[in-house]
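The values are calculated or read from the model by the stated rules, or taken from the named source; none is laboratory data. Note that the structure is a prediction, hence the values are computed from the model and not measured. Glycine also receives a Cβ, built like all others from the backbone with ideal geometry; neighbour counts cover every protein chain displayed. What goes into the accessible areas is simple: the full protein's heavy atoms, side chains included, and nothing from ligands, DNA or RNA. Shrake-Rupley method; radii C 1.70, N 1.55, O 1.52, S 1.80 Å.
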Amino acid sequence: MFDFSNQRVIVTGGTRGIGAGITRAFLQAGATVIATYSSNDAAANEFKNKNEQYAPKLDIQKYDVSSSQAVKDFFKYLDEKYSSLEVLVNNSGIRQDALTALMQDEQWKKVLDVNLTGTFYMSRGIISRFMANRFGRIINISSLGGDIGFQGQANYAASKAGQLALTKSLSKEVAKKGITVNCVSPGFIDTELIGDLPEEQRKEYLKMIPQKRFGKVQEVAHAVLFLATREASYITGTTITVAGGL
């Protein structure tokens, strides 16, 4: 369905959950993928072993997207190793849920730093590289939480709403340069996060979804790959919601 041969794709948070599905989909489509992670070495190694057949095209790097210096060092590494970059998927994200009245300063700051500031640092870093080739695709993985605002997730909702606003502003700044900036907003996707929920809570979430099922990781990945294609050149500053009708 998609052909990304001779393209280099960065997927932050690309070794677990939705990020792992996006990485795998790009690899299957022929891309070279730089998949990043911040701390879970075991999960990264497991992902690498499971995708050993793609070893020549899978580059796994560990760093913190919320650190400006770490992001600069990461791009320096990429400049030395790759002739060009074509796609950035900002997927890194964390949750530290708490009711607003009880939320600690660090819970607020950490979630905003990773989810929103990390998206900013990565997007800022890659823009000049894209401009040099007059082509590039940035896809930010947001969440329905940014629209709905689930209870106990004020920090997460704010970070995801911020991603949507950043997407709209940045898309206008780079529109004449052959660069598109879009969001994919997943709903309830069947990953370890859903799997760890109590059964009663899973049932309540299912009741909310018009299609009456959780989404599949590959369904999110297909939306990302579509936005990354050259054929999607007239789509920018928008959000594709992958949420079964929510």
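Under the rule of at least 5 residues apart or a separate chain, name every residue whose amide H is placed under 5 Å from the amide H of V11.
I34, A35, T36, V89
Please compute the contact order of the chain in relative form: average sequence separation of alpha-carbon pairs under 8 Å and at least six residues apart, divided by the residue count, as a percent.
That works out to 19 percent.
What's the FRET efficiency of D3 with I148 using the Cβ-Cβ distance as r and R₀ = 41 Å, to the nearest 0.05?
Rounded to the nearest 0.05, the efficiency is 0.70.
If the elastic network links every pair of Cα atoms under 10 Å, which of L164, L116, L197 fluctuates the most in the Gaussian network model of the chain?
Result for the chain, Cα springs under 10 Å: L197 fluctuates most.
Specify, per residue and in Å³, the volume enclosed by the convex hull of the alpha carbon atoms belonging to the stretch 65-110.
For the stretch 65-110, the hull spanned by Cα atoms encloses 77 Å³ per residue.
How large is the accessible surface per residue of the chain, computed with a 1.4 Å probe and reported in Å² as a whole number?
Here the residues of the chain average 49 Å² of exposed surface.
On full extension of the chain, what length is gained from Q211 through A101, given 0.36 nm per residue of separation minus the C-alpha to C-alpha distance?
Working it through step by step, the gained length comes to 36.2 nm.
Which percent of the accessible area of the chain is formed by carbon and sulfur heavy atoms (probe 1.4 angstrom)?
Heavy-atom surface of the chain belonging to carbon and sulfur, 1.4 Å probe: 50 percent.
At 18 Å minimum axial length over the Cα atoms and a Kyte-Doolittle cut of 0.0, report the qualifying DSSP H helices in the chain, or say none.
Length and hydropathy pass: 118-133.
Over the alpha-carbon set of the stretch 1-139, work out the extent along each principal axis and list the three values in angstrom, largest first.
50, 35, 27
Pull up the cross-link candidates among the lysines for K168, meaning alpha carbon to alpha carbon under 16 Å and not fewer than 8 places away within one chain.
Leaving aside lysines fewer than 8 places away in the same chain, those within reach of K168 are K160, K176, K177.
With every protein chain left in place, what is the accessible area of L144 in Å² (1.4 Å probe, nearest 10)?
Only protein atoms counted, so the area is about 10 Å².
Project the alpha carbons of the stretch 90-230 onto their principal axes and report the range along each, largest first, in whole Å.
Principal axes ranked by extent give 51, 37, 21 Å for the Cα atoms.
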